[in-house]
Amino acid sequence: MDAHSKPLATTKIARTPGQTGRIDSRDLFGNQRRIAIAHGDKVYRLQITRLGKLILTK
């Protein structure tokens, strides 16, 4: 996935004021191990390791 890839889906986060939003990682990753996250003018990579942990890199 490159910096110009379009999002697969948009997930809305339902929450009450003062509550932290929560998204299940399966909703973000689907059947992939790596995704790109656009934040401002930067693109970050989020990946699931072999041990099931998450790594976020710039």
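A few remarks follow.
- Near pairs, Cβ below 7 angstrom, 6+ apart or cross-chain, from region 15-40 (free of Cβ contacts under 8 Å to residues at least 24 places away in the same chain) to any residue that is of a type in the set (Gly, Ala, Ser) and assigned to a loop (DSSP other than H, G, I, E, B): Arg15/Gly21
- When region 35-58 is filtered for residues that are under 14 Å from Ser25 (Cβ atoms) and basic (Lys, Arg), only Lys53 remains.
Values quoted throughout were computed directly from the atomic coordinates according to the rules given, and no laboratory measurement underlies them. In this text, all values refer to a predicted model and were calculated from it rather than measured experimentally. Cβ: placed from backbone, ideal geometry, glycine included. Neighbour counts: every protein chain shown.
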